[in-house]
Amino acid sequence: MRVKKKGVWFLTLLSLVAVIGVYYLFDRNPMPFDGITIFSDDTIEDTELGEAGSDATPVFAESYLFEELRMEMRNERSQQRELLTQKITSDDLTAEERNQAFDEMQVLTKRETAEAMLEMLIKDLGYEDAVVRTEDGAVKVSVIADELSAAQADQIVYTVKSEWEDSSTVSVDFKSGQ
């Protein structure tokens, strides 16, 4: 029994590392800053500040909103994974119930991986950021774009349906990047 527990923990950790690795490997803009500037008297004099109303200054509020949403999803799924792990390692449940919990954990891992992959593919279509949420065949996609035409939404729906076979309903909404 001890070997099975270690195996389940190992597979869980490995799948989590894979999902996080894929996400961070393909995430083009993890932080809104390219680096850290340390200000001294010399650098303050050489620093030019942009105008308050200029369009050149990027707005990261929506991206932060997306990151917050991702964190909530990670926390929720982490709790689900913990409950499933407790079921799998429980001696009080039958082998069939433990197998069912293991299958649910595999489905959860598959969903997380698919969401990360879809986010990466949608960003590759030219969107600043995207969040994909899947639940019982329904896929909700949120993207940062100035405006979203019907053709762009159709392209996102097509990408989701071609990559995620379990998607029955796909909804797309956008948040303004300005």
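Could you say which residue among SER149, SER171 is touching a Lys or Arg at 6+ places or on another chain (Cβ under 9 Å) and not basic (Lys, Arg)? Break it down into steps so the answer makes sense when it comes.
Details: SER149 fails: touching a Lys or Arg at 6+ places or on another chain (Cβ under 9 Å).
It is SER171.
It is to be established whether one or more residues within the stretch 115-123 are over 22 Å from SER15 (Cα atoms) and of a type in the set (A, V, I, L, M, F, W, C).
Of the stretch 115-123, the ones over 22 Å from SER15 (Cα atoms) are 122-123.
Filter again for of a type in the set (A, V, I, L, M, F, W, C), leaving 122.
Yes, the stretch 115-123 contains at least one residue that is over 22 Å from SER15 (Cα atoms) and of a type in the set (A, V, I, L, M, F, W, C).
Given (1) open to solvent by 90 Å² or more (accessible area, probe 1.4 Å); (2) not in a helix (DSSP H, G or I), where does VAL132 come up short, assuming only one miss?
Here VAL132 clears every test but (1).
Check LYS110, LYS161, LYS87, LYS123 and return the single one that is surrounded by 18 or more Cβ atoms within 10 Å (Cβ to Cβ) and in a helix (DSSP H, G or I).
Working: LYS110 fails: surrounded by 18 or more Cβ atoms within 10 Å (Cβ to Cβ); LYS161 fails: surrounded by 18 or more Cβ atoms within 10 Å (Cβ to Cβ); LYS87 fails: surrounded by 18 or more Cβ atoms within 10 Å (Cβ to Cβ).
Sole residue among the options that is surrounded by 18 or more Cβ atoms within 10 Å (Cβ to Cβ) and in a helix (DSSP H, G or I): LYS123.
Which one of these does LYS87 not meet: (1) touching a residue at least 12 places away in the same chain (Cβ under 8 Å); (2) over 21 Å from TRP9 (Cα atoms)?
With respect to (1) touching a residue at least 12 places away in the same chain (Cβ under 8 Å); (2) over 21 Å from TRP9 (Cα atoms), LYS87 is out only on (2).
Which of the residues that make up the stretch 144-156 are open to solvent by less than 50 Å² (accessible area, probe 1.4 Å), modelled with pLDDT under 90 and not in a loop (DSSP other than H, G, I, E, B)?
ILE144, ALA153
Of the residues GLU165, GLU135, which single one is among the charged types (D, E, K, R) and over 16 Å from the mean Cα position of the chain (by Cα)?
Numbers: GLU135 fails: over 16 Å from the mean Cα position of the chain (by Cα).
Of the residues listed, the single one that is among the charged types (D, E, K, R) and over 16 Å from the mean Cα position of the chain (by Cα) is GLU165.
Rundown of residues vs (1) under 17 Å from MET73 (Cβ atoms); (2) touching a helix residue (DSSP H, G or I) at 6+ places or on another chain (Cβ under 7 Å); (3) of a type in the set (Phe, Trp, Tyr), yes/no style:
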residue: ARG111; (1), (2), (3): yes, no, no
residue: ALA151; (1), (2), (3): no, no, no
residue: ASP154; (1), (2), (3): no, no, no
residue: THR159; (1), (2), (3): no, yes, no
residue: TRP164; (1), (2), (3): yes, yes, yes
residue: VAL172; (1), (2), (3): no, yes, no
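The values are calculated or read from the model by the stated rules, or taken from the named source; none is laboratory data. Predicted model, so just to flag it, every value in this text is computed and none were measured. Cβ sites come from the backbone with ideal geometry, for glycine too, and all protein chains shown count toward neighbours. Each accessible area value is taken on the protein alone, full model and side chains, heavy atoms only, with ligands, DNA and RNA left out. Shrake-Rupley method; radii C 1.70, N 1.55, O 1.52, S 1.80 Å.
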